[in-house]
Structures are given as structure tokens and as C-alpha cells.
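Notes to accompany the following structure.
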Amino acid sequence: MELAIKDWCHTMSIRIKDIAEAVGVSPTTVSLVLNNKPGASEELRRKILKTAKDLGYTASRNGKPGSLCLLHIARHGHTVNRDHDVFIADYIEGLSQGSKLAGYSLEIVTFKLAPMEQVLDTALSKTTNGFIILGTELSREDAELFQVIRKPIVFIDTYHEFLNFDFVDMNNEDSVFLLLTHLYTMGHRRLGLVKGTIETRNFRLREMGFFEGLQKLGLEADNSFIFSVDQTYHGAYSDMKSILAGHPRLPTALICSNDIIASGCLKAFAEAGVRVPEDISVVGFDNLPLSAISDPPLTTIQVSKAQIGRMAIQLLVSRIQSEADMPAVKVLIGGKLVERSSVKRIDIS
């Protein structure tokens, strides 16, 4: 029985409810004992404390479980890479702030191009009370694999319908519509998209938002204005350089799936003699520091990454401390348009 309990503990986040069920008392009684308050006999108190220890329950001085773990996963490295470090650092800042406020320590475990079996084995070995998972490069199938981790989990930087997990992500589709609306008000009617060759869920949602937004604005999509490039800076530059060598017909404005892609495209345009914004307007997504110092400075979307991190911690802590099962929660946080000089106003009179 003791061995069974220990094995179970490796895959379950132990809650007050679990101790109460094992002892046969109410969660309130367990809480009183764990917080060293009166309300239980000495014999019952010893039984509850022994059961809590056997089950592997740990608590900090304020009675809260003590640690959380961020799984920083790069499945292929085309998005989660050195170019994206500043973006991820903002997430970590929000996660760290939220953890500290809630009284938890935060451990960060990084996986670079590791097989999912290694990621899952590492997670199963952790004694942490809950996980935040960077889902940027995770497919739906990858995310489903985490069902074996019987601890509270919150995914950030991705979103999947129909999966029974908690997600906190940016509102990609609404944010793309902000860009489309801005370009439309600046007179642009021939709009294009530069997307990544390696699909991520966020990129896919931005692409969906692009086509849906065009329809809402009463504009027709032109597939010749849809371009695919690698999502690293050097890859986007090289791929756009090759595209321009074929002298394609260009729209008046391009929405790039993120600032890194946009920056690589700006370099390719400059070398090809295509002036931004005189010949073509370009916008990005993420408001990375490089967008403010690019040539020209880039109009983009400010993503509230630190807020997403703090929200993920709040949601995770609520699930850890809840005495009742909660339904899955999916939170989308909107973006903010940041206007710079990469967009030209067109006279449509």
C-alpha cells in the first residue's frame, strides 16, 4: 500500500481534498490540522499529518504548495530560438512576478529539440505542484500527450479548442483585425500576408484572422499576395530575397506574422530596391524591441506577454488550491496597435 501511494504521488498533485478522502474526514478538518489550528482530536491530528506525509503533500509556511515549473520547449526552433529570446523573457517576467506574489518558487526547465518522451519523463519526475507549458511550437497532438501528467497544467502562447486543458494566449484574430483596420483606414485595399513555413497555432490563427478580417472589411483575398518564409530573421530575409528575385506582383501593404519575419523582409526589400513605406507598407506582430529601431520603425501589435504570464499563474494557483474540480479555462488577451512609420497613407479619391 505504501508503494502504491508513493507511485501515485509521482503523477498526482496532492490536494487537501485528497488527504480528506484518504482519512475519511472533511477538507475543512484537514485544513485546520495542516494550519495548526484547533478543531481535531490529537489522534485524528496525528493520522491526518501522517497521511499527508505519506501522500507527499508539501506546504510552505503560509500553507500553500511551494513550487511551480515552466517547461520552456523548442520542438523545432523555428520560432522559439535566439531571435525570440526577448519575447519569451517577457513571459518569464510575468510568470516570476505572479509566482512571487502567490508565494511560490518558479523553476524553468528548457528543452531544445528534445523528443516529447524526454519532456514527459522529466515532467513526471518533478515534485512541483503545477506546470506552465510554453506551447508556441507544440502541435495539438503534442499538447494531448500531457494528459499523462496528473498535475495542474496551464499552456501559454498557444490555444487549442476541444482540449481539456487551461490556456492563456493572445487574441490573435482580433489583433490581426486591428492591423487590417488600420491599413484600411490608411487607404490600403490590396493587402497581403507573409506567414511562416513552419506552422504554429498562433501563426495559423493569425492567418485565419487575416482572411476573416478581409471578408469583414468587404475586401477580396488575392492568393498571389500570400507569401511563405522561414520565421527566423535570416531565413525570412533569404526567402523573401528569393521571392523578390522572381519579380512578383506586390500588394500595397503586407501583414507579417511576427516582427522577426517583418524585419527579415525589410532587409530583403531594401536590397531589392523596394522602398518601405513608399512602394509597400509593412506591419509586424509582437512589438519586439527591434521593431522600434528597424528601418523604418515598424507598425506592429503590442502583446501583453507579462500579463499573460501573470494570468497563467493566477489560473494555475487557483486550480492547485481548489477543493473542487474546475472546468477547463481558456483566456484570450487582446493586443494594442503601435503605429510607427512603416505604413504609408494612400489617397483613394
Original post:
Using the beta-carbon distance between Glu21 and Glu117 and R0 = 30 Å, what value does 1/(1 + (r/R0)^6) give for FRET efficiency, to the nearest 0.05?
Top reply: 0.40
Original post:
Dimensions of segment 114-259 along principal axes (Cα, Å, largest first)?
Top reply: 55, 32, 20
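What FRET efficiency would be calculated for the residue pair Ala89, Ile348, taking the C-beta separation as r and a Förster radius of 51 Å, to the nearest 0.05? Walk me through the intermediate numbers first.
Numbers: r = 41 Å, r/R0 = 0.81.
Taking R0 as 51 Å, the efficiency between Ala89 and Ile348 is 0.80.
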Original post:
Using Cα atoms only, what is the angle between the long axis of helix 116-125 and the major principal axis of the chain, expressed in degrees (0 to 90) to the nearest 10?
Top reply: 30
Original post:
Scattering from the C-alpha atoms of the chain alone, worked out with Debye: what is log10 I(q)/I(0) at q = 0.11, 0.12, 0.15 1/Å?
Top reply: -0.76, -0.85, -1.17
Original post:
Can you sort Ile48, Ile149 by how many other beta carbons sit within 10 Å, fewest first?
Top reply: Ile149, Ile48
**OP:** May I have the pair-distance distribution P(r) for segment 103-160, computed from all Cα-Cα distances with 5 Å bins from 0 and rounded to whole percent?
**Re:** 4, 16, 32, 30, 14, 4, 1
**OP:** Using θ = phi - 60° and the Karplus relation 6.51 cos²θ - 1.76 cosθ + 1.60, list the HN-Hα couplings for segment 147-154 in order, rounded to whole Hz, with x at every Gly or Pro.
**Re:** 5, 6, 8, 7, 9, x, 9, 10
Original post:
Within segment 161-184, what residues put their amide N at less than 20 Å from the label point 7 Å along the Cα-to-Cβ vector of Leu337?
Top reply: 170-184
Original post:
What list of ³J(HN,Hα) values in whole Hz, one per residue of segment 101-108 in order, does the Karplus curve 6.51 cos²θ - 1.76 cosθ + 1.60 (θ = phi - 60°) give from phi, with Gly and Pro shown as x?
Top reply: 4, 8, x, 10, 8, 10, 9, 10
**OP:** May I ask for the angle, rounded to the nearest 10°, between helix 259-272 and the longest principal axis of the chain, with both axes built from Cα atoms and the value confined to 0 to 90°?
**Re:** 20
Subject >> Estimated inter-spin distance, Ala221 and Thr197, nm [label 7 Å along Cα→Cβ] >> reply: 2.2
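Readers should treat all values here as calculations from the given coordinates under stated rules, not as data from a laboratory. Here the structure is a predicted model, which means the values were calculated and not measured. Don't worry about glycine lacking a Cβ; one is built from the backbone with ideal geometry, like all the others, and counts go over all protein chains shown.
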